[in-house]
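What follows is one structure encoded as structure tokens, with my remarks underneath.
What follows draws every value from the coordinates through simple rules; no lab data is involved. The structure presented is a predicted model; accordingly, all values stated were derived computationally and were not measured. Glycine gets a Cβ as well: all are built from the backbone with ideal geometry, and neighbour counts include every protein chain shown.
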Amino acid sequence: MRHGTRSLYAALNVGTGHVQGTLAARHTSAEFVDCLDTVTRSDPRRKAVHFVVDNLSAHKTPAVKDWLAAHPRVTMHDTPTYRSWLNQVESWCARTERDCLARGIFTSTTDLTRKLLRHIKLHHETCQPFVWRYRDPTRRMPATRTSNTPR
């Protein structure tokens, strides 16, 4: 059992920069399905919804598969292993870690929850569409040939 922690489920709308955050005591498929319900219910336009998720086992359970089957407008995309930088909400989570959690003092899980929700609310005051850029092409890995590569 984890004491003093919360799991943060965050859904980033890349078109607006708006984040929907749900906090739970544990990181299970039941809590994840609750998050999916919350996010999809908040979209009154009933358009297609795409979730990009990491490879956590809670995202691949029968309960999640059943939920997806019952919600055909929702598509789930898995981030490749060790490629978390492709998942844009991970960048937001990294900023949250740095700005809110890293040196924070929390007297209880209730205090932690309150401060995380306040951080999300403050984020909404200045949020903008999320645009991912790779700004330094000199840091890209060069294409190389190996001895096994056909010519």
Subject >> Translational diffusion of the range 87-127, µm² s⁻¹ [Kirkwood Rh, Cα pairs; Stokes-Einstein; 4 °C; 1.567 mPa s] >> reply: 120 µm²/s
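Please return the longest range in the chain lying between exposed loop sites, taking chymotrypsin sites (Phe, Trp or Tyr not before Pro), DSSP loop only, at most 13 other beta-carbon atoms within 10 Å, and leaving the sites out.
1-81
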Original post:
Beyond 21 Å, what percent of the Cα pairs of the range 3-74 remain?
Top reply: 24 percent
Subject >> Extension reserve of the Asp66-Arg135 stretch, reckoned as 0.36 nm per residue once the Cα distance is removed >> reply: 20.8 nm
Original post:
Counting only residues 5 or more places away or on other chains, whose amide H sits under 5 Å from the amide H of His18 once H atoms are built in the peptide plane?
Top reply: Asn13
**OP:** Based on a Kirkwood Rh over C-alpha pairs, give the Stokes-Einstein translational diffusion coefficient of the range 44-131 at 10 °C and viscosity 1.306 mPa s in µm²/s.
**Re:** 102 µm²/s
Subject >> Charge-dipole axis of the range 6-151 as Lys and Arg at +1 and Asp and Glu at -1 on Cβ define it, positive-most pick from Phe130, Ser7, Val49 >> reply: Phe130
Original post:
Can you list the residues, at least 5 places off or on another chain, whose amide H is less than 5 Å from the amide H of Val74, using H built in the peptide plane?
Top reply: Val49
